[in-house]
Amino acid sequence: MKVLVIGSGGREHTLVWKIKQSTLVKEVFCAPGNGGISKLATCVPIKVNDLKSLADFVEKEGIDLTVVGPEEPLVLGIVNEFEKRGLRIFGPNQKAAQIEGSKVFAKELMQKYNIPTAEFAVFSDPKLAKDYVQEKGAPIVIKADGLAAGKGVIPARTIEQALEAIDLIMVKKVFGQAGEKIVIEEFLDGEEASFLVFSDGENVLALPSSQDHKPIYDDDKGPNTGGMGAYSPAPIVTRGVEKHIMQDIIYPAIKGLAKEGSPYKGVLYAGLMIKNGQPKLLEFNCRFGDPEAQPLLMRLKTDLVEILNAVVDGNLKNQTLKIDPRPSVCVVMASGGYPGSYEKGKVISGLDVAENMENVMVFHAGTSLKDGNFYTAGGRVLGVTALGKTLPDAISTAYEAVKSISWEGAYYRKDIGFKALRHLGRFVGIVIGSTSDKKIMLEAKNTLAELFIPCEMTLASAHRSPERVINYAKTAKEKGIKVIIAGAGYAAHLAGVIAAHTTLPVIAVPLATSPLNGMDALFSSVQMPSGVPVAVVGINGAKNAALLAAQILALNDKSLAKALENMKKQMALKIEKIEL
């Protein structure tokens, strides 16, 4: 077979890589491709929205199967164009692709077929939209109706942010015609996950769960991007949750689209919000996710081309998927400034080191190849993807590979996969008594991050807000927190108050914030009454508190125990290298 993959990003590099492994495939083309893809396939300089030229190329070259990566050509009707000419193509037709191409179409489909989703309203008049926001209040979500490269969804925490988002989309038209209409939705709490299935219009074959990381900064801060990393599986999607997803969301959507006269053939992506084991649908996409495709296809052991052919031929019923049980993690490396303006043409170094690592693949998202060197050519540049025996192992391997790659201005999130680690028992709470304590206590947070231990930092004073402290202590276990670190100066009653209201281990960090340089905080911390146990580290000993918390967690976590051993070895090596 000859196969053409349409697209130029990390998703398409992953598709090319997987398709090339098939025994059915003789030659792979990609239009337009990128620097990394050119090492595996013949790149053809045709834009993804030039449907006629793509179809002409397929006819001329005798392509047996075309696989569409991005949503734009699907929404424009590339499948309709190809099928008119009798060409085999993987992806939904134009009407079915509206499930991503129009948020209004998708929400109305959800409503009609009782698919659980957020309450919503549709507007084409910015004034009416603003009136609705004023009536409903915040938080609230503003969505551009049409395609906006994954950036047209704006969660607004305040009414002011919501009003700005309406102006941005409908008045300033930052997303062009995609903002002619908007959908305003209720804000859903919970944890996000991605769930992808193959469908031949009637039958469905589910891929493992995954989770994307949209915001640009750690802890899900900052504006949305096309995706800064992903992992699979997502522990939040338990077997029970998966059953709900299939019964309440996937099957009704597939059956509903068939009833509407547009059977869905391709990959259907469900973006979900999960709370208390109940999934609600945020959005549908009509293609593989990017970067979810990277960890998912790394885990797929079945010949992908066999599945693609079965979808096109309407013969998915007898197919099964073999999945590598090992978790996989993708960390996206981006150009500095992304998702805003950024510079291109920066030379990339260290790729050979990462590519030679076991269980690591570096998928190119925005690169060019010139005279044997790779250069940055996009916002998202690379998707460094790794398999591991456990999720912590996969995260560690991915970041080890990331650290070997560099270019001027390279940026990546440091917390990809941390949400999953919480479900595996890695979660530490850090409580500080004052904003002035934050600088020192960040040492604890940074040390935990080095060991891939998620944490949250909370401001609560034993004297100024005792109710807040008590509530935090009482609810910490419900959040999944396993150890609490409390940093405070002066009388330093914070750790004791917390310990009095929880059975979790509590570690006190006395801080040198008083004229007594922390001695008062130290004495207060160590003098706890019987029945109120508090472990106390040295004054300003935030790093030691983090290490002690890690050692407690490592009692039931072999991967973490190994990471601690490696950290201690590195500390010893540093001492040995010092010359007096």
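Here, each number is a calculation from the coordinates, and none is a lab measurement. All values reported here derive from a predicted model rather than from experimental measurement. Methodologically, a virtual Cβ is constructed for each residue, glycine included, from the backbone with ideal geometry; neighbour enumeration extends over all protein chains shown.
Values computed for the structure shown
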{"read-out": "Straight-distance crosslink candidates among lysines, where the alpha carbon sits under 21 Å from Lys26 and sequence neighbours closer than 8 are dropped", "value": "Lys2, Lys18, Lys39, Lys60, Lys301"}
{"read-out": "Taking Glu478, Glu100, Glu283 and counting other C-beta atoms within 10 Å, the order from fewest to most", "value": "Glu478, Glu283, Glu100"}
{"read-out": "Length gained when the stretch Asn471-Ile578 is fully extended (0.36 nm per residue, less Cα-Cα span)", "value": "33.8 nm"}
{"read-out": "Kirkwood Rh in Å, taken over all unlike Cα pairs in the chain", "value": "25.6 Å"}
{"read-out": "Where trypsin sites (Lys or Arg not before Pro) fall in DSSP loop in segment 348-401, at most 14 other Cβ within 10 Å", "value": "Lys389"}
{"read-out": "Estimated FRET transfer efficiency (Lys173, Leu24; beta-carbon r; R0 35 Å; 0.05)", "value": "0.15"}
{"read-out": "All-pairs alpha carbon distance profile, segment 2-90, 5 Å steps from 0, percent", "value": "3, 16, 31, 26, 18, 6, 0"}
{"read-out": "Above-threshold pairs, the threshold being 32 Å between Cα atoms, out of Lys20/Lys568; Lys130/Lys482; Lys346/Lys543; Lys130/Lys280; Lys280/Lys414; Lys130/Lys474", "value": "Lys20/Lys568; Lys130/Lys482; Lys346/Lys543; Lys130/Lys474"}
{"read-out": "Paired Rg and Dmax values of segment 271-373, which use every Cα atom, in angstrom", "value": "18.2, 54"}
{"read-out": "Residue-averaged [θ]222 nm for the chain, counting only DSSP H segments that reach four residues, each worth -39500 (n - 2.57)", "value": "-10000 deg cm²/dmol"}
{"read-out": "Overall form of segment 357-425 per C-alpha gyration tensor (a/c, 1.5; a/b vs b/c)", "value": "prolate"}
{"read-out": "Contour minus Cα-Cα distance for Ala512 and Asp50 (0.36 nm per residue)", "value": "159.8 nm"}
{"read-out": "Cross-link table Lys84/Lys255; Lys84/Lys265; Lys317/Lys419, entries beyond 23 Å C-alpha to C-alpha", "value": "Lys84/Lys255; Lys317/Lys419"}
{"read-out": "Over segment 431-580, equivalent-ellipsoid semi-axes from the Cα gyration tensor in Å", "value": "26, 19, 13"}
{"read-out": "From phi via Karplus (6.51, -1.76, 1.60), per-residue ³J(HN,Hα) for segment 219-231 in Hz, x at Gly/Pro", "value": "6, 6, 9, x, x, 6, 10, x, x, 9, x, 7, 9"}
{"read-out": "Per principal axis, descending, Cα span of segment 115-178 in whole Å", "value": "29, 27, 20"}
{"read-out": "Exposure proxy order (Cβ contacts within 10 Å, fewest to most) of Tyr472, Tyr231", "value": "Tyr472, Tyr231"}
